[in-house]
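See below for the structure under consideration.
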Amino acid sequence: MDDFELLDRWRAGDKIAANQLLRRHFDALYRFFTNKLPDQADDLIQATLMACVRGVGSFRKECGFRSFLFVVARHELYRHIKANYRERGRSREVFDPSLVSAADMSPSPSAVLVKRKEQRLLLLALRRIPLELQIVLELHYWEGLSTSELAAAVEIPQGTVKSRLRRAREALERELAAVADSRDEARSTIDGLDQWVAGIRAGLHVRANEGA
(Lines give C-alpha, C1' and ligand atoms only; values in the text may rest on other atoms or scores of the structure.)
Protein backbone atom coordinates (compact mmCIF):
# COMPACT_ATOMS: atom_id res chain seq x y z
CA MET A 1 0.00 0.00 0.00
CA ASP A 2 1.48 3.36 -0.95
CA ASP A 3 1.87 6.30 1.42
CA PHE A 4 -1.05 8.33 0.13
CA GLU A 5 -3.35 5.33 0.56
CA LEU A 6 -2.15 4.94 4.13
CA LEU A 7 -2.76 8.62 4.72
CA ASP A 8 -6.28 8.39 3.31
CA ARG A 9 -6.98 5.43 5.60
CA TRP A 10 -5.61 7.38 8.54
CA ARG A 11 -7.97 10.23 7.71
CA ALA A 12 -10.78 7.69 7.83
CA GLY A 13 -9.76 6.63 11.34
CA ASP A 14 -7.52 3.62 10.63
CA LYS A 15 -4.95 3.60 13.46
CA ILE A 16 -2.99 0.71 11.94
CA ALA A 17 -2.45 2.77 8.78
CA ALA A 18 -1.31 5.69 10.95
CA ASN A 19 1.29 3.53 12.70
CA GLN A 20 2.54 2.12 9.40
CA LEU A 21 2.99 5.60 7.96
CA LEU A 22 4.79 6.77 11.09
CA ARG A 23 7.21 3.83 10.97
CA ARG A 24 8.00 4.52 7.33
CA HIS A 25 8.80 8.19 7.76
CA PHE A 26 9.77 8.77 11.38
CA ASP A 27 13.51 8.59 10.67
CA ALA A 28 13.32 11.10 7.81
CA LEU A 29 11.33 13.57 9.90
CA TYR A 30 13.66 13.09 12.85
CA ARG A 31 16.64 13.88 10.64
CA PHE A 32 14.83 16.94 9.27
CA PHE A 33 14.08 18.50 12.65
CA THR A 34 16.85 17.36 14.98
CA ASN A 35 19.67 19.47 13.52
CA LYS A 36 17.46 22.56 13.56
CA LEU A 37 15.36 22.50 16.75
CA PRO A 38 16.45 19.34 18.60
CA ASP A 39 14.43 20.00 21.75
CA GLN A 40 11.22 20.32 19.72
CA ALA A 41 11.83 17.49 17.23
CA ASP A 42 9.27 15.05 18.65
CA ASP A 43 6.52 17.67 18.86
CA LEU A 44 7.27 18.89 15.35
CA ILE A 45 7.13 15.34 13.96
CA GLN A 46 3.68 14.88 15.48
CA ALA A 47 2.53 18.29 14.22
CA THR A 48 3.78 17.48 10.72
CA LEU A 49 1.95 14.18 10.51
CA MET A 50 -1.29 15.70 11.75
CA ALA A 51 -0.91 18.54 9.24
CA CYS A 52 -0.39 15.92 6.51
CA VAL A 53 -3.72 14.36 7.44
CA ARG A 54 -5.46 17.74 7.26
CA GLY A 55 -3.77 18.98 4.09
CA VAL A 56 -3.43 16.00 1.77
CA GLY A 57 -6.53 16.91 -0.19
CA SER A 58 -4.93 20.12 -1.47
CA PHE A 59 -1.67 18.53 -2.65
CA ARG A 60 -0.92 17.37 -6.19
CA LYS A 61 -0.15 13.70 -5.57
CA GLU A 62 1.88 13.33 -8.75
CA CYS A 63 4.68 15.17 -6.95
CA GLY A 64 5.18 12.20 -4.63
CA PHE A 65 4.64 11.64 -0.94
CA ARG A 66 8.16 12.54 0.18
CA SER A 67 7.86 15.96 -1.42
CA PHE A 68 4.48 16.44 0.25
CA LEU A 69 5.92 15.33 3.60
CA PHE A 70 8.79 17.81 3.47
CA VAL A 71 6.57 20.67 2.26
CA VAL A 72 4.51 20.16 5.40
CA ALA A 73 7.56 19.66 7.63
CA ARG A 74 9.13 22.88 6.37
CA HIS A 75 5.89 24.80 6.92
CA GLU A 76 5.59 23.39 10.46
CA LEU A 77 9.20 24.36 11.20
CA TYR A 78 8.62 27.92 10.02
CA ARG A 79 5.28 28.14 11.85
CA HIS A 80 6.99 27.07 15.08
CA ILE A 81 9.75 29.63 14.66
CA LYS A 82 7.25 32.43 14.02
CA ALA A 83 5.29 31.39 17.12
CA ASN A 84 8.53 31.49 19.08
CA TYR A 85 9.12 35.03 17.86
CA ARG A 86 5.73 36.05 19.24
CA GLU A 87 6.31 34.32 22.57
CA ARG A 88 9.60 36.15 23.01
CA GLY A 89 8.15 39.53 22.15
CA ARG A 90 9.83 39.62 18.75
CA SER A 91 6.62 39.71 16.73
CA ARG A 92 7.71 42.88 14.92
CA GLU A 93 10.69 41.01 13.48
CA VAL A 94 10.15 39.40 10.08
CA PHE A 95 11.25 35.78 9.93
CA ASP A 96 13.28 35.28 6.77
CA PRO A 97 14.62 31.74 6.17
CA SER A 98 17.08 33.11 3.65
CA LEU A 99 18.77 34.98 6.52
CA VAL A 100 17.96 33.15 9.77
CA SER A 101 19.95 30.02 10.65
CA ALA A 102 19.25 27.13 13.01
CA ALA A 103 22.09 28.40 15.19
CA ASP A 104 20.19 31.68 15.59
CA MET A 105 17.17 29.79 16.91
CA SER A 106 18.82 27.08 19.00
CA PRO A 107 22.51 27.63 19.80
CA SER A 108 23.15 24.06 21.00
CA PRO A 109 23.28 21.33 18.35
CA SER A 110 21.73 17.94 19.01
CA ALA A 111 23.87 15.17 20.51
CA VAL A 112 24.06 13.12 17.33
CA LEU A 113 26.07 9.94 17.48
CA VAL A 114 29.01 10.85 15.25
CA LYS A 115 32.54 9.53 15.61
CA ARG A 116 34.65 11.79 13.41
CA LYS A 117 35.52 15.41 13.94
CA GLU A 118 34.66 16.11 10.29
CA GLN A 119 31.09 14.96 10.97
CA ARG A 120 30.77 17.27 13.98
CA LEU A 121 32.16 20.17 11.95
CA LEU A 122 29.69 19.46 9.17
CA LEU A 123 26.71 19.46 11.53
CA LEU A 124 27.90 22.69 13.12
CA ALA A 125 28.46 24.39 9.76
CA LEU A 126 25.05 23.27 8.47
CA ARG A 127 23.39 24.95 11.44
CA ARG A 128 25.20 28.22 10.70
CA ILE A 129 23.97 28.67 7.11
CA PRO A 130 20.49 30.11 6.34
CA LEU A 131 17.66 27.66 6.97
CA GLU A 132 16.50 27.56 3.35
CA LEU A 133 20.01 26.52 2.30
CA GLN A 134 20.41 24.03 5.12
CA ILE A 135 17.14 22.40 4.11
CA VAL A 136 18.05 21.90 0.44
CA LEU A 137 21.44 20.42 1.35
CA GLU A 138 19.98 18.01 3.90
CA LEU A 139 17.13 16.92 1.64
CA HIS A 140 19.61 16.37 -1.18
CA TYR A 141 22.39 14.59 0.73
CA TRP A 142 20.54 12.90 3.59
CA GLU A 143 17.25 12.06 1.91
CA GLY A 144 18.43 11.71 -1.71
CA LEU A 145 15.62 13.82 -3.18
CA SER A 146 15.81 14.28 -6.94
CA THR A 147 15.79 17.70 -8.56
CA SER A 148 12.05 17.49 -9.22
CA GLU A 149 11.34 16.24 -5.69
CA LEU A 150 13.45 19.03 -4.21
CA ALA A 151 11.67 21.63 -6.31
CA ALA A 152 8.31 20.40 -5.01
CA ALA A 153 9.52 20.07 -1.42
CA VAL A 154 10.87 23.61 -1.15
CA GLU A 155 8.31 25.08 -3.56
CA ILE A 156 10.64 26.63 -6.11
CA PRO A 157 10.92 26.15 -9.89
CA GLN A 158 12.88 23.06 -10.88
CA GLY A 159 15.32 25.22 -12.82
CA THR A 160 16.22 27.03 -9.60
CA VAL A 161 17.16 23.94 -7.62
CA LYS A 162 20.70 23.53 -8.96
CA SER A 163 21.58 27.18 -8.38
CA ARG A 164 20.24 26.99 -4.81
CA LEU A 165 22.22 23.84 -4.16
CA ARG A 166 25.31 25.58 -5.47
CA ARG A 167 24.74 28.60 -3.21
CA ALA A 168 24.10 26.27 -0.28
CA ARG A 169 27.31 24.37 -0.82
CA GLU A 170 29.28 27.62 -1.14
CA ALA A 171 27.75 28.86 2.13
CA LEU A 172 28.61 25.55 3.79
CA GLU A 173 32.21 25.81 2.64
CA ARG A 174 32.48 29.31 4.11
CA GLU A 175 31.12 28.17 7.47
CA LEU A 176 33.35 25.11 7.51
CA ALA A 177 36.33 27.41 6.99
CA ALA A 178 35.13 29.47 9.94
CA VAL A 179 34.68 26.57 12.40
CA ALA A 180 37.55 24.28 11.35
CA ASP A 181 40.94 24.47 13.03
CA SER A 182 42.75 24.65 9.72
CA ARG A 183 42.22 25.11 6.00
CA ASP A 184 43.20 21.48 5.41
CA GLU A 185 40.58 20.29 7.90
CA ALA A 186 37.86 22.35 6.21
CA ARG A 187 38.91 21.08 2.78
CA SER A 188 39.00 17.42 3.83
CA THR A 189 35.50 17.81 5.28
CA ILE A 190 33.99 19.31 2.14
CA ASP A 191 35.91 16.91 -0.16
CA GLY A 192 34.59 13.93 1.80
CA LEU A 193 31.08 15.31 2.10
CA ASP A 194 29.29 12.17 0.90
CA GLN A 195 31.26 9.99 3.33
CA TRP A 196 30.67 12.23 6.34
CA VAL A 197 26.99 12.64 5.51
CA ALA A 198 26.57 8.86 5.41
CA GLY A 199 28.04 8.60 8.91
CA ILE A 200 25.84 11.38 10.24
CA ARG A 201 22.77 9.80 8.67
CA ALA A 202 23.59 6.53 10.41
CA GLY A 203 23.96 8.32 13.74
CA LEU A 204 20.65 10.10 13.29
CA HIS A 205 19.01 6.78 12.42
CA VAL A 206 20.24 5.28 15.70
CA ARG A 207 18.92 8.24 17.69
CA ALA A 208 15.59 8.11 15.91
CA ASN A 209 15.16 4.43 16.70
CA GLU A 210 16.03 5.05 20.34
CA GLY A 211 13.34 7.74 20.54
CA ALA A 212 10.67 5.87 18.58
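The values are calculated or read from the model by the stated rules, or taken from the named source; none is laboratory data. Everything numeric here is computed off the predicted structure, so don't read it as measured data. Here the Cβ is made from the backbone with ideal geometry for all residues, glycine too, and neighbour counts use every protein chain on show.
May I ask you to say which residue of Asp42, Asp8, Asp27 is over 30 Å from Asp104 (Cβ atoms) and part of a helix (DSSP H, G or I)? Full working, then the answer.
Working: Asp42 fails: over 30 Å from Asp104 (Cβ atoms); Asp27 fails: over 30 Å from Asp104 (Cβ atoms).
Going through Asp42, Asp8, Asp27 in turn, just one is over 30 Å from Asp104 (Cβ atoms) and part of a helix (DSSP H, G or I): Asp8.
The number of residues in segment 28-53 that are surrounded by fewer than 21 Cβ atoms within 10 Å (Cβ to Cβ) and among the charged types (D, E, K, R) comes to 3. Restrict the check to segment 147-156 and report whether at least one residue is among the polar types (S, T, N, Q), more than 22 Å from Ala202 (Cβ to Cβ), out of contact with any Gly (no Cβ under 6 Å at 6 or more places or on another chain) and not in a loop (DSSP other than H, G, I, E, B). Yes: one or more hits. Applying the criterion of being in a helix (DSSP H, G or I) and surrounded by fewer than 18 Cβ atoms within 10 Å (Cβ to Cβ) to the residues of segment 112-146, the residue that is modelled with the lowest pLDDT is Lys117.
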